[in-house]
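The values are calculated or read from the model by the stated rules, or taken from the named source; none is laboratory data. The model shown is predicted, which means the values in this text are computed figures rather than measured ones. Here Cβ is always computed from backbone atoms with ideal geometry, including for glycine, and neighbour counts include all displayed protein chains.
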Amino acid sequence: MQRLSPTLRHYDWGTTDDIPRLLGFEPDGSPYAEAWWGAHDSAPSWLSDPSGNAALDELIARSPIDFLGPDAARRWGARLPFLLKILAIAKPLSIQVHPTLRQAQEGFAREQRGTGGNVHAFLDPFHKPEMVVAISPMRVLVGVRDLANTAQDLHALDTPRAHALADDLERADDAASFLADVLSAGVDDETFSSLRRMGAEAEPSSALRAAADALAAFPGDPGAIVALALNVVELEPGEAVFTGAGILHSYQSGVGLEIMSNSDNVVRGGLTSKHVDVSLLLSLADTRPAPPVRPLEVIAGHARHLTVPADEFALTLVRKGEAVVESGPRIVLCHEGEATVTAHGTTKSLTRGQAVFVRASLGEVTIGTSGLVVVARAPSLHEGDVIADR
């Protein structure tokens, strides 16, 4: 059981103070968008002990059964299957999708052979299902919403371009042609001006307001019209939503705790200064209307267990009390108050922002806290009735 230091990401959509406040250092005015606890080879966390510091991915590669346990090592090889993050969002993240496992494997292999173009869209051969749990109130856009409702909002903009888009949606079964039209042909200034005006008068939780806010952050970006076609989910602290492969989404605002499979594959279509690949996004996207997916929640004493349709990760939240978490690879993060983590006769004390990695070989772990502790873990076998998108 060793202290685990996160890797920090300074993307331009980050806030300046939320992550520094959590981790206990002074803000310096730069955006801190993400803190990563995990073993992705592009940004692994570091373990510290009296013998020195080492990258978590390297240690797991040396002793996979010790760190992961025999079941996880057999299933995932010498690789931690999950990645834990804190996101601090000052302006919208990109309209994006993640590939299925097969799409990631094929795309990664194609690009490694040098046949995927100059910009690599697939950074690893893994899929990236993910769940976000709100720490502060969050606005999340996830999945295509009812087409008739989107068409109604487009008609309300009352421009020739908006009416044409709405008419096409009213004749469609999914949003594929709408997305291709908007992202490839763009949108005129008159429609953007109407969106700004209508959005300012709309309800805060409405798609019109979300789209107008996205446009304010990215003037002239057609991704703002795509945002109009997505489900708006207003998460209160503690509430969560799951995003599987192919689901269009964009986190808009707030601070969230995110857990995902150990991948960094993201394909973007708008609302970003990063590389956009519209044709690839459209080929990966599930454009059928569908409601957001919530995790399965089980309460056991002071512990709240969240599982989703992905077999790489689960999340346990322990609040103001004690709980036991069974064996397996675990990242334990103290998010509020203080905590103790006990495994195999050894106890570590944690304060806000501190984390430890608990190896599978140490067996079950007992966690006590005066606040909130987050445990990222691989699902146990009896939780394996959720099916990954393979």
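Mind checking whether some residue in the stretch 228-245 is under 15 Å from the mean Cα position of the chain (by Cα), outside any loop (DSSP other than H, G, I, E, B), of a type in the set (S, T, Y) and closer than 24 Å to S205 by Cβ?
yes
Give the residues of the stretch 363-390 that are among the charged types (D, E, K, R), out of contact with any helix residue (DSSP H, G or I) (no Cβ under 6 Å at 6 or more places or on another chain), at pLDDT below 95 and in a loop (DSSP other than H, G, I, E, B), sorted by residue number.
Kept after step one, since they are among the charged types (D, E, K, R), are these residues of the stretch 363-390: 364, 377, 383, 385, 389-390.
Those still in the list that are out of contact with any helix residue (DSSP H, G or I) (no Cβ under 6 Å at 6 or more places or on another chain) too: 364, 377, 383, 385, 389.
If we keep only those that are at pLDDT below 95 too, we end up with 383, 385, 389.
Answer for the stretch 363-390, where residues must be among the charged types (D, E, K, R), out of contact with any helix residue (DSSP H, G or I) (no Cβ under 6 Å at 6 or more places or on another chain), at pLDDT below 95 and in a loop (DSSP other than H, G, I, E, B): D385, D389.
Determine whether the stretch 163-176 contains at least one residue that is within 24 Å of E239 (Cα to Cα) and touching a helix residue (DSSP H, G or I) at 6+ places or on another chain (Cβ under 7 Å). Working first, answer last.
Initially, the stretch 163-176 is screened for residues within 24 Å of E239 (Cα to Cα), giving none.
The answer is no; no qualifying residue exists.
Kindly list the number of the only condition in (1) over 22 Å from the mean Cα position of the chain (by Cα); (2) hydroxyl-bearing (S, T, Y); (3) not in a helix (DSSP H, G or I) that fails for S193.
(3)
Report the residue count in the stretch 320-362 for those that are assigned to a helix (DSSP H, G or I) and in contact with a helix residue (DSSP H, G or I) (Cβ under 7 Å, 6 or more places away or on another chain).
Going through the stretch 320-362, the residues assigned to a helix (DSSP H, G or I) turn out to be 360-362.
Next cut, in contact with a helix residue (DSSP H, G or I) (Cβ under 7 Å, 6 or more places away or on another chain) only: 360-361.
Residues in the stretch 320-362 being assigned to a helix (DSSP H, G or I) and in contact with a helix residue (DSSP H, G or I) (Cβ under 7 Å, 6 or more places away or on another chain): 2 in total.
Among the numbered criteria (1) surrounded by fewer than 18 Cβ atoms within 10 Å (Cβ to Cβ); (2) at pLDDT below 95; (3) farther than 25 Å from M131 by Cα, which single criterion is violated by R74?
(3)
S253 passes all but one of (1) closer than 22 Å to A224 by Cβ; (2) surrounded by fewer than 15 Cβ atoms within 10 Å (Cβ to Cβ); which number fails?
(2) is the only condition that S253 fails.
Taking the options T287, T272, T316, name whichever one is among the polar types (S, T, N, Q), part of a strand (DSSP E or B) and either touching a residue at least 24 places away in the same chain (Cβ under 8 Å) or surrounded by fewer than 19 Cβ atoms within 10 Å (Cβ to Cβ) (or both).
Values: T287 fails: part of a strand (DSSP E or B); T272 fails: part of a strand (DSSP E or B).
When all the criteria are applied, what remains is T316.
Would you call A216 part of a helix (DSSP H, G or I), surrounded by fewer than 23 Cβ atoms within 10 Å (Cβ to Cβ) and out of contact with any Gly (no Cβ under 7 Å at 6 or more places or on another chain)? Quick ask: steps written out before the conclusion?
Working: part of a helix (DSSP H, G or I): yes; surrounded by fewer than 23 Cβ atoms within 10 Å (Cβ to Cβ): yes; out of contact with any Gly (no Cβ under 7 Å at 6 or more places or on another chain): yes.
It is true that A216 is part of a helix (DSSP H, G or I), surrounded by fewer than 23 Cβ atoms within 10 Å (Cβ to Cβ) and out of contact with any Gly (no Cβ under 7 Å at 6 or more places or on another chain).
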